[in-house]
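J.: Dropping the structure in here first, questions after.
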Ligand code: URA
């Protein structure tokens with residue numbers, strides 16, 4: 001196998017043969033292909049694209065570059081299901097969705113990632129729970145999936161290792177933004193979980209990885225078509241990220257919000273709509289429900305009966321977290337030193353109008369500025385800081401309206417975050433056009 005021949009073929013717009021793709025991925029894993037060759041191939045694919053067959057072959061080759069989980073020997077007694085979100089601000093859905101689906105008879109071995117830049121990472125949220133092991137051994141991971149029906153943990157080096165090397169090169173060669181490469185990268189990792197069904201939450205809007213609707217749709221179509229072609233029942237929802245999905249952004253503050261949601265203390269309506277819709281998709285894909293209506297009722301029951309909350313509590317204890325986290329979250333979750341609201345009258349915004357626009361990415365970056373997110377992959381986090389009680393679009397903004405509660409490590413940090421948060425909001429005399437939370441379903 002001569003890597004440069006495969007690179008040349010793709011450079012010239014030809015389709016790669018399955019064998020060429022597999023050998024290229026093997027070479028990435030075995031280190032027999034150089035970083036320069038990976039970069040050149042990534043750039044060739046960036047410009048020339050890949051058809052569905054090539055994407056499926058690339059996905060499976062990357063999936064098979066490491067361990068692929070197999071649940072058949074465990075007699076779980078239900079389908080293995082997961083969700084992937086392209087990420088955003090206040091996207092705390094996984095914390096509730098996994099337990100809901102588990103309470104409805106599914107099994108969710110969710111391997112999640114850390115945040116980078118303005119988007120938060122599910123794993124960082126769990127790292128804010130004292131004792132919770134985000135890197136358990138395989139035995140504990142499997143036991144938790146079996147007992148709790150859900151285990152949300154971090155990625156191991158054994159999972160799609162070809163993607164780790166491929167992605168690291170893409171990251172430094174301006175080749176991340178390629179639909180075939182993103183498709184294979186996301187799916188290789190998810191399919192390595194040994195899934196029966198998958199749902200994608202592809203975000204669009206000011207806080208999304210793919211801000212433009214057309215891009216989000218292209219990615220959703222690509223991933224669903226490749227995943228279904230390799231036998232994993234997959235649907236996608238395109239959802240709104242023109243404002244934070246939840247009223248909190250940070251780590252411990254989002255865990256608190258998820259607990260409030262599961263225990264029924266408080267449910268942000270937009271967050272609930274997306275969580276419920278994704279749960280419905282998973283129940284349908286897994287054959288746990290046969291109609292949307294039935295699936296929806298199951299989700300409501302799981303929440304209202306407290307069974308979803310129990311699944312969450314069970315997962316947390318199995319993985320080493322506090323047994324009474326749901327009863328006493330304040331006792332366990334880290335608290336910031338300075339927690340004060342930012343009112344409209346403390347900013348230069350007009351104190352009488354509607355919140356017309358939110359720069360969601362900027363709110364995410366305000367959390368990064370507080371130390372709750374990363375600029376670089378190696379940054380360490382302050383789990384206590386963040387924003388809660390965030391105002392959403394079209395809220396009436398008078399002087400006493402609270403834009404956000406800012407959780408900071410110092411007064412100086414609080415002031416910097418206050419400026420960043422205020423700058424992220426646009427207030428004007430007319431309300432913005434109302435937008436749906438869920439734009440489109442793709443199957
Ligand atoms: N997330 C991934 O895991 N891979 C990509 O290529 C892009 C986003």
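Please treat every number below as a calculation from the coordinates, not as lab data. All values reported here derive from a predicted model rather than from experimental measurement. Cβ placement follows ideal geometry from the backbone for every residue including glycine, while neighbour counts extend to all protein chains displayed.
J.: Full extension from residue 214 to residue 171: what is 0.36 nm times the residue separation minus their Cα-Cα distance, to one decimal in nm?
T.: Details: separation 43, 0.36 × 43 = 15.48 nm, distance 2.25 nm.
Net length gain for the segment: 13.2 nm.
J.: To the nearest 10 degrees, how steep is helix 411-424 against the longest Cα principal axis of the chain, on a 0 to 90 scale?
T.: 70 degrees
J.: Now a separate question. For the stretch 234-385, count all C-alpha to C-alpha pairs, find those more than 27 Å apart, and express that count as a whole percent of the total. Each step should come with its number before you reach the end.
T.: Details: 4387 of 11476 pairs.
Counting pairs separated by more than 27 Å, the tail of P(r) holds 38 percent.
J.: Can you grab the distance from the C-alpha centre of the stretch 183-229 to the C-alpha centre of the stretch 285-339, Å, no decimals?
T.: 25 Å
J.: Quick check: Cα centre of the stretch 369-403 to Cα centre of the stretch 1-67, how many Å?
T.: Between the Cα centres of the stretch 369-403 and the stretch 1-67 lies a distance of 40 Å.
J.: How much of the DSSP bridge set in the chain is antiparallel, in percent, rounded to the nearest 5?
T.: Details: 22 of 41 bridges.
Bridges in the chain are about 55 percent antiparallel.
J.: Now for a separate question. Which FRET efficiency value, to the nearest 0.05, do you get for residue 328 and residue 137 by plugging their Cβ-Cβ distance into 1/(1 + (r/R0)^6) with R0 = 25 Å? The partial results should precede the final answer.
T.: On the way: r = 28 Å, r/R0 = 1.14.
About 0.30, to the nearest 0.05.
J.: Please check which bits of the stretch 341-375 a label hung off residue 430 would reach, taking the label as a point 7 Å along Cα-to-C-beta and the cut-off as backbone N under 20 Å.
T.: Only 350-359 fall inside the zone, counting backbone N under 20 Å.
J.: To continue, here is another question. Helix 93-103 versus the longest principal axis of the chain: what angle, 0 to 90°, nearest 10, using Cα atoms?
T.: Orientation of helix 93-103: about 70 degrees from the principal axis.
J.: Note down the nm distance, to one decimal, between modelled labels 7 Å out along Cα→Cβ at residue 52 and at residue 70.
T.: Each label point is offset 7 Å from its Cα along the Cβ direction, giving 2.9 nm.
J.: Relative to the longest principal axis of the chain, what angle (0 to 90°, nearest 10) does the C-alpha long axis of helix 161-171 take?
T.: 70 degrees
J.: As a test of the formula, what do you get for the chain when each DSSP H run with n ≥ 4 contributes -39,500 (n - 2.57) and the sum is divided by the residue count, at 222 nm and rounded to the nearest 500 deg cm²/dmol?
T.: Details: 17 runs with 200 residues, N = 443.
Computed mean residue ellipticity for the chain: -14000 deg cm²/dmol.
J.: Suppose R0 equals 22 Å; then what is the FRET efficiency for residue 400 and residue 266 from their Cβ-Cβ distance, rounded to the nearest 0.05? Walk me through the numbers before you get to the answer.
T.: Details: r = 21 Å, r/R0 = 0.95.
Here the calculated transfer efficiency is 0.60.
J.: So how do 87-98, 205-216, 182-193, 261-272 stack up, highest first, on mean other-Cβ count within 10 Å?
T.: Values: 87-98: 28.2, 205-216: 19.8, 182-193: 24.7, 261-272: 17.3.
For the peptides 87-98, 205-216, 182-193, 261-272, the packing ranking is 87-98, 182-193, 205-216, 261-272.
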